[in-house]
Every structure is written in C-alpha cells, then in structure tokens.
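Peer 1: The structure that follows is given in the form of structure tokens.
The values are calculated or read from the model by the stated rules, or taken from the named source; none is laboratory data. As the structure is a computational prediction, the values presented were derived from the model and not from experiment. Don't worry about glycine lacking a Cβ; one is built from the backbone with ideal geometry, like all the others, and counts go over all protein chains shown. The protein model used for the area step is the full one, side chains on, heavy atoms only, and it has no ligands, DNA or RNA in it. Shrake-Rupley method; radii C 1.70, N 1.55, O 1.52, S 1.80 Å.
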Amino acid sequence: MTTQDLTATLELISAHGSFGGSQRFYRHRSSTLGLPARFSIFLPRGADAGAPVPALIYLAGLTCNEETFPIKSGAQRFAAEHGLALIAPDTSPRGAGAPGETDNWDLGVGAGFYLDATQPPWNAHYRMESYVVDELVALVTQHFNIDAKRIGVFGHSMGGHGALTLALRHPSVFRSVSAFAPVAAPASCPWGEKAFGAYLGDDRAAWRQHDATALIGELGVRWDGTLLVDQGLDDGFLASQLRIDAFEAACRSVGQPLELRRHAGYDHGYYFISTFIGDHIAHHARALKG
C-alpha cells in the first residue's frame, strides 16, 4: 500500500483542542481487517511541523474502544509536556458478522486480544496483531509527522497483555513498553483460555506464542530494557485472571528486568490508570527521547 493510498483512506470524524494540541478521531478502511476501523490520535503542539515526534500506541482492555483511553485517562496533559503523540486503536474488528461475536463480552466484538486468529470464522477478520503492528503503524507514520523509529506501546488488562506480547514479538517496531494490570499469563486464565481456544484452536504451543509469561519464562524471549507494570491490589481480577505473580516469577527466573509496582487501594479501572499515567508516559519519554 502506498502513502497516497494510506492517506486516501483516512476520514476525520472529529477534532478537539487539548493541552495546546489536538485530539482527533479517524475512520479508515482497513485492508488487514477487511472492514472499516477507527483510531484516536493526540498530536502535541507543533507536531504538524518540524522534526517528527515520538509516539505511544495504547491498547485498551475488554469492551473498550478507541474513545476510552483519550476520554478517561488524562494522558494528553503528560503527552503534551513530553512532546509525544498518543494513538489508540479499537479493540477488535466491528461488523465482521462472525457467528456469536456479540454473544459474550470477553470474546468477539471488543475482545480481539491483539493476535491474528487462525481458526474459522474468526480468521477472516480478527487480525488485530497485524493491524496494530503493520497497518496502523504504517498509517500513522506516513500520514502524520511521527517518527517510525521512536514508537512505544502500552496498555491495560487485555491491552496490557497486548502491549507486552507485541513488544516482545516485535522489538524492531517498539522501543518502549509498559502495562497496567495486564492479563500476564493468558494461556492459563479463564479469559485467555476462552479467547485463545476460539481464535487459535486447541494447540497450546500456539497459545504460548501470545503469552508474556511463557514468552519470557519458557521461550527465551527478552526485552532489551526494563518492563514497567503497575498493579492495583484491590483489583477484583488480580487472583483469577491477571496472574501477575507468575509473570514476576518468570522474569526473575531469567533475569528479565521488571519494575512491578503494587498499589494498595486501587482497583482495575481508569481511576487507577489516571493516577499513574504520568509515570508511564515519563517512562516511555526517557526511552523514546533518550
């Protein structure tokens, strides 16, 4: 796909002034998903001219979309201070028509798990890994004044899983990574078992390729730097779904640097994320602007 083709696909839905920059929402026809797709982008002041700016891609959690992060996180203030762009894709294809895709909140629409499905009927459109890593990165770096060599990724819950696994699987694309309350071992928790079984089939070896704990602890994948993870201790999903302790143990067993911060009194939602979002953006700014 050429630059001209990419720019021709973009439709501006809305734009809003924010902390001296611009918060925008776009729609485009995705060749990867085979469907229309949406994403949001915050561009700090001056991002339309001068040197290309670094950017962060944020991956949201189950049931969210491209609006959730820019509306709830308060991240624009910190991105403006550091001169970073923020990009948030949707969490799944919309309108694929796959049987059962709207029957459950944790499978199908709003629950793409940032992987490429291999099993029918999901494999026709549910290709969120390729969409984020290949199509979205190419789209934003060719259409906006964004430096393709200075892109980080972070996310929450299902999106925290996505941030960790996509960074580990595609280190040439992402230079920094962090996560809020990630589904850190999806191959061995109910959310992941349900999604991976549907999208990837019964071969659990394929599941491990999309499991951050397995990638680091079993498959020998390393991140060249420190992984930053924040976790609320009052998170109702901590014990049953997130498996942060297993992820920490895997990192420790192989010497993978991990800054895991546990916070009493914080749950799984955006009050938690908005409290620590400034720390995460500063973490990425150090890596992307250093």
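Peer 1: Could you calculate the contour length gain from S31 to T63, that is, 0.36 nm times the residue separation minus the distance between their Cα atoms, to one decimal place in nm?
Peer 2: 9.2 nm
Peer 1: Taking the dipole about the Cα centre of the range 11-289, with the C-beta of Lys and Arg at +1 and of Asp and Glu at -1, give me whichever of F196, Y114, G50 is farthest to the positive side.
Peer 2: G50
Peer 1: Would you work out what percent of the accessible area of the chain, with all protein chains in place, is carbon or sulfur (probe 1.4 Å)?
Peer 2: The C+S portion of the solvent-accessible surface of the chain is 49 percent.
Peer 1: Roll a 1.4 Å probe over the protein heavy atoms and report the accessible area of S253 in Å², nearest 10.
Peer 2: Using a 1.4 Å probe on the heavy atoms, I get roughly 90 Å².
Peer 1: Moving on to the next point. Quick one: putting +1 on the C-beta of Lys and Arg, -1 on the C-beta of Asp and Glu, what dipole do you get for the range 11-289 around its Cα centre, in Debye to the nearest 20?
Peer 2: Approximately 700 debye in magnitude.
Peer 1: What number comes out for accessible area per residue over the range 11-289 if the probe is 1.4 Å? Units Å², please.
Peer 2: Per residue, the range 11-289 has an accessible area of 37 Å².
Peer 1: Could you compute the net charge surrounding C189? Neighbours are other residues with a C-beta less than 14 Å from the C-beta of C189; K and R count +1, D and E count -1.
Peer 2: Net charge in that neighbourhood comes out at -1.
Peer 1: Among residues other than P171 whose Cβ falls under 10 Å from its Cβ, what is the net charge (Lys/Arg +1, Asp/Glu -1)?
Peer 2: Summing Lys/Arg as +1 and Asp/Glu as -1 gives +2.
Peer 1: Given only helices, namely DSSP H runs of n ≥ 4 each adding -39500 (n - 2.57), what is the per-residue ellipticity at 222 nm of the chain, to the nearest 500 deg cm²/dmol?
Peer 2: The helix contribution divided over the chain gives -9000 deg cm²/dmol.
Peer 1: Additional query: Looking at the chain as a GNM with Cα springs under 10 Å, which of L84, L219, L43 has the largest mean-square fluctuation?
Peer 2: L219
Peer 1: Starting from the 7 Å offset along Cα-to-Cβ, what nm value, one decimal, do you get for the label separation of D267 and W105?
Peer 2: Modelled inter-label distance: 1.2 nm.
Peer 1: How do F42, F276, F19 rank by accessible surface area computed with a 1.4 Å probe, from largest to smallest?
Peer 2: F19, F276, F42
Peer 1: Which of G83, G152, G225 moves most in a GNM of the chain, Cα contacts under 10 Å?
Peer 2: Judging by the Gaussian network model, the answer is G225.
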